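Report on the structure given below.
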Amino acid sequence: MSLISTKGLTLGYGKTTVLSNVTMSINAGEIVTIVGPNGSGKSSLLRALIGALRPAKGTVHRAPGLRIGYVPQKLQIDATLPLTVQRFLNLPKRQTAADVSDALDRAGVPELKEAQMSSLSGGQFQRVLLARALLAKPDILILDEATQGLDQPGAAAFYRQIEAVRRDLGVAVLMVSHDLHVVMAASDRVMCLNGHVCCEGAPDIVADAPEYRALFGTGTKGTLALYRHHHDHDHDHQHAHGHEHENGHTH
Ligand SMILES: Nc1ncnc2c1ncn2[C@@H]1O[C@H](COP(=O)(O)OP(=O)(O)OP(=O)(O)O)[C@@H](O)[C@H]1O
């Protein structure tokens, strides 16, 4: 059953198109990962899927009554504000103590309930954001580079937690990630974006993929489980890796 799908989805800001003609669908219980260079439209796609960005063209369809748990790439919290994890999880909607405990358990951080938000490590913070997303009792979790800033063991542990959540709750997971070697192992399907859907496929097929390396550089050669990459087109808008967004929108 399809939870979210798009047809001919084109996204842009003002006159600039950032993503063209995306047709995709996420089924119940699947783990799908979106990869792609900086500025390739990954976050924009997620924002369109959750309804926060209007399509320039095409459509987004969400199953009726669909509940989405969204984990943003970053969340700024005023460090001077005294705010415990428990209180944070009760914003903006009051939750039962049992639901808060259950969400923190599932996110793997039951001990953080009384901790100050400002005292959390990067990995702990992401798990609290995961707990917050779980409070929505989601059919699908949408995570935007949730492991950014975590070291490799931290990222791997986070993905194991996501897999456990999927196993226990049967939620679908759609995530953007740069941790390719970890992600490849954990995903049912991988979508590579570069202004359009560049390729899509099962991650477990290790292939020599020159086009993929052309996108991601060769620095990662040998450390990645590459997937088969059928490429039948050229890119007229390659983005440099590490590209800073011109409009001050940085991650
Ligand atoms: N609010 C906005 N207003 C104008 N342009 C935007 C806005 N948000 C994103 N963009 C631009 O759209 C393009 C795609 O951005 P997006 O954040 O979707 O890419 P991304 O693949 O998620 O990048 P990254 O890997 O760096 O997070 C970029 O060129 C970016 O500068």
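The values are calculated or read from the model by the stated rules, or taken from the named source; none is laboratory data. Treat the numbers as computed from the prediction; the structure is a model and nothing was measured. So basically every Cβ, Gly included, is an ideal-geometry build from the backbone, and we count neighbours across all protein chains shown. For accessibility, only protein heavy atoms count, side chains too; no ligands or nucleic acids. Shrake-Rupley method; radii C 1.70, N 1.55, O 1.52, S 1.80 Å.
Cβ-Cβ contacts under 9 Å between residues 6 or more apart (or on different chains), taken from a first residue in segment 186-198 that is farther than 25 Å from residue 161 by Cα to a second residue that is away from the ligand (no atom under 13 Å from the Cβ) and among the β-branched types (Val, Ile, Thr), are listed as 197/23. For beta carbons closer than 7 Å, sequence separation of 6+ or different chains, a first residue in segment 3-17 that is under 17 Å from residue 32 (Cα atoms) and part of a strand (DSSP E or B) and a second that is more than 9 Å from the ligand (Cβ to nearest atom) and of a type in the set (S, T, N, Q), the qualifying pairs are 3/27; 5/25; 6/23; 6/59.
Considered as a group, the residues in segment 49-58 that are over 13 Å from residue 21 (Cα atoms) and within 14 Å of the ligand (Cβ to nearest atom) include one that is least open to solvent (accessible area, probe 1.4 Å), and that residue is 49. Of everything in segment 60-76 that is free of Cβ contacts under 8 Å to residues at least 60 places away in the same chain and in contact with a Ser or Thr (Cβ under 7 Å, 6 or more places away or on another chain), the residue that is nearest to residue 17 (Cα to Cα) is 60.
Matching residues to (1) more than 14 Å from the chain's Cα centre (by Cα); (2) open to solvent by 10 Å² or more (accessible area, probe 1.4 Å); (3) modelled with pLDDT of 85 or more:
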| position | (1), (2), (3) |
| --- | --- |
| 152 | yes, yes, no |
| 179 | no, yes, no |
| 195 | yes, no, yes |
| 206 | yes, yes, no |
| 229 | yes, yes, no |
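Screening the candidates 12, 8, 58, 36 for the property of being over 26 Å from residue 107 (Cα atoms) and modelled with pLDDT under 95 yields one hit, 36. Do we find a residue being of a type outside the set (Phe, Trp, Tyr), touching a strand residue (DSSP E or B) at 6+ places or on another chain (Cβ under 7 Å), within 16 Å of the ligand (Cβ to nearest atom) and touching a residue at least 12 places away in the same chain (Cβ under 8 Å) anywhere in segment 131-142? Within segment 131-142, one or more residues are of a type outside the set (Phe, Trp, Tyr), touching a strand residue (DSSP E or B) at 6+ places or on another chain (Cβ under 7 Å), within 16 Å of the ligand (Cβ to nearest atom) and touching a residue at least 12 places away in the same chain (Cβ under 8 Å). Of the residues making up segment 59-79, those that are over 18 Å from the mean Cα position of the chain (by Cα) and either basic (Lys, Arg) or open to solvent by 40 Å² or more (accessible area, probe 1.4 Å) (or both) number 7. Hey, does segment 93-108 have a residue that's open to solvent by less than 30 Å² (accessible area, probe 1.4 Å), of a type outside the set (Lys, Arg), touching a residue at least 24 places away in the same chain (Cβ under 8 Å) and in contact with a strand residue (DSSP E or B) (Cβ under 6 Å, 6 or more places away or on another chain)? The answer is no, given that none of the residues of segment 93-108 is open to solvent by less than 30 Å² (accessible area, probe 1.4 Å), of a type outside the set (Lys, Arg), touching a residue at least 24 places away in the same chain (Cβ under 8 Å) and in contact with a strand residue (DSSP E or B) (Cβ under 6 Å, 6 or more places away or on another chain). Taking segment 166-177 as the range and being buried (at least 22 other Cβ atoms within 10 Å of the Cβ) and either polar (S, T, N, Q) or more than 16 Å from the ligand (Cβ to nearest atom) (or both) as the test, the residues that pass are 171, 172, 173, 177.
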